[in-house]
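To keep things clear, I will list the structure first and then write my remarks on it.
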Amino acid sequence: MKRLIWAALAFSLLAMTTHGQNTPVADLAGGYSYLHLNGSNGSSGANLNGFSGSVGFNVDDWLGIVGDFGVYHGSPSGVGLTTETFMFGPRFSFRQSEKFVPFAQALFGASHLSASAGGLTASTTPFAFSFGGGVDVGIGGSGKWAVRPQIDYIGMRSNGTTQNSERISIGIVYHIGEK
């Protein structure tokens, strides 16, 4: 019985180290994002289109540190509206397959909102936070490339109020190296 337990333990350790070899050291991602700023007091909000990108470094096969950046623009009712986000935090990945890696993340940082109409401009830089996730779906046979659909809640907090928004993204990921 002891031999069976030791064999199972050795197999588990071997499986964990072999599994960890498929974990990329880092990844670069970028693609299209749709950001919806929710309205208040009966207004419908604003729809913005843009680009978001991220750089992630994997501490191990389930924990990574990510920096996420985005720029979104729209012109609701003739008002030019631009939002930029820059947030950092942990990403938790569930790596059971190189072809399908779901993840969840919690990010914190800031955003910059600016609006212009009729020659007048206004801007603010509130604290920003995001909770969401997605999945890396491997493409090609090398394991280096993936498609990443993702959805996030983004809150922008300033002067005691929170601007709620949702972001839906689709992008390409390039995995760098292996651990």
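The values are calculated or read from the model by the stated rules, or taken from the named source; none is laboratory data. As the structure is a computational prediction, the values presented were derived from the model and not from experiment. FYI the Cβ positions are ideal-geometry reconstructions off the backbone, even for glycines, and counts take in every protein chain you see.
Can you tell me which residue within segment 98-124, out of those that are loosely packed, with under 15 Cβ neighbours inside 10 Å and hydroxyl-bearing (Ser, Thr, Tyr), is nearest to the chain's Cα centre (by Cα)?
Thr124
List every residue pair whose Cβ atoms sit under 7 Å apart, with the two residues 6 or more apart in sequence or on different chains, where the first one lies in segment 156-179 and is touching a residue at least 60 places away in the same chain (Cβ under 8 Å) and the second, anywhere, is in a strand (DSSP E or B) and among the acidic types (Asp, Glu).
If the second residue must be in a strand (DSSP E or B) and among the acidic types (Asp, Glu), the pairs left are Arg167/Asp152; Val173/Asp27; Val173/Asp136; Tyr174/Asp27; His175/Asp27; Ile176/Asp27.
Under 6 Å between Cβ atoms, at least 6 apart or on separate chains: pull out the pairs that start in segment 80-105 with a residue that is on the phi < 0 side of the Ramachandran plot and end on any residue that is among the acidic types (Asp, Glu) and surrounded by 15 or more Cβ atoms within 10 Å (Cβ to Cβ).
Met87/Asp68; Arg95/Asp61; Val101/Asp136
Restricting attention to segment 127-142, does a residue exist that is touching a Gly at 6+ places or on another chain (Cβ under 7 Å), crowded, with 16+ Cβ neighbours inside 10 Å and within 26 Å of Ala110 (Cβ to Cβ)?
Initial filter on segment 127-142 (touching a Gly at 6+ places or on another chain (Cβ under 7 Å)): 128-129.
If we keep only those that are crowded, with 16+ Cβ neighbours inside 10 Å too, we end up with 128-129.
Add one more test, that the residue is within 26 Å of Ala110 (Cβ to Cβ), and what stays is 128-129.
There is at least one residue in segment 127-142 that is touching a Gly at 6+ places or on another chain (Cβ under 7 Å), crowded, with 16+ Cβ neighbours inside 10 Å and within 26 Å of Ala110 (Cβ to Cβ).
Please go through segment 90-124 and give me each residue that is among the basic types (Lys, Arg) and at pLDDT below 95, ordered by number. I'd like the intermediate steps shown before the answer.
Narrowing segment 90-124 to residues among the basic types (Lys, Arg): 91, 95, 99.
Within segment 90-124, Arg95, Lys99 meet the criteria.
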